[in-house]
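The values are calculated or read from the model by the stated rules, or taken from the named source; none is laboratory data. These numbers come from a predicted model, not from an experiment. All Cβ positions, even for glycine, are placed from backbone atoms using ideal geometry, and neighbour counts span all protein chains on display. Each accessible area value is taken on the protein alone, full model and side chains, heavy atoms only, with ligands, DNA and RNA left out. Shrake-Rupley method; radii C 1.70, N 1.55, O 1.52, S 1.80 Å.
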Amino acid sequence: MVTDFIIVDDDPINNMLCKLIIEQRFCTVNVHSFTDPNDALAYIESNYSNTEAAATVLFLDINMPTLTGWEFLDVFEAFPVIIKARFKIFMLSSSVDPKDKEHAALNENVFAYIEKPLT
């Protein structure tokens, strides 16, 4: 059962809204949000290497200034399987570009593509 959620989006308002929606839907969950994708990657690497780490849903924006969602996924791909296996990644983006949706569908680490806002 998923008990953890991570939101990676450079928009703090979107992160707050996502957190509220997740907490309304699920009673006891941990929601971590990051406006800097590099901070999220460091958090994942340091907190998900042990065997007790929870299954986690990650909502990932595409267009961010420091590291795009696609670049984030490139770094994530290099993580050990023990880390990657704990995640179900959803691209959460305002992009309606069919190329972004196709790119997400072709990435083995991406479970699905969701258009903002999260509902």
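Yes/no per residue for (1) farther than 19 Å from residue 14 by Cβ; (2) open to solvent by 60 Å² or more (accessible area, probe 1.4 Å); (3) at pLDDT below 95:
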{"position": "51", "(1), (2), (3)": "yes, yes, yes"}
{"position": "54", "(1), (2), (3)": "yes, no, yes"}
{"position": "62", "(1), (2), (3)": "no, no, no"}
{"position": "86", "(1), (2), (3)": "yes, no, yes"}
{"position": "92", "(1), (2), (3)": "no, no, no"}
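Identify the residue in region 104-119 that is part of a loop (DSSP other than H, G, I, E, B) and touching a helix residue (DSSP H, G or I) at 6+ places or on another chain (Cβ under 8 Å) and, among all such residues, is surrounded by the fewest Cβ atoms within 10 Å (Cβ to Cβ).
My answer is 119.
Here is a yes/no grid of residues against (1) open to solvent by less than 60 Å² (accessible area, probe 1.4 Å); (2) within 21 Å of residue 119 (Cα to Cα); (3) outside any strand (DSSP E or B):
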| residue | (1), (2), (3) |
| --- | --- |
| 17 | no, yes, yes |
| 24 | no, yes, yes |
| 66 | no, no, yes |
| 74 | no, no, yes |
| 79 | yes, no, yes |
| 99 | no, no, yes |
| 102 | no, no, yes |
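Condition first: within 24 Å of residue 51 (Cβ to Cβ) and either among the charged types (D, E, K, R) or not in a helix (DSSP H, G or I) (or both). Now tell me which residues in region 81-97 satisfy that.
Within region 81-97, 84, 85, 86, 87, 88, 89 meet the criteria.
I need a count of the residues in region 28-54 that are among the aromatic types (Phe, Trp, Tyr) and either under 19 Å from residue 91 (Cα atoms) or without any contact (Cβ under 8 Å) to a residue 24 or more places away in the chain (or both).
Residues meeting the conditions: 2.
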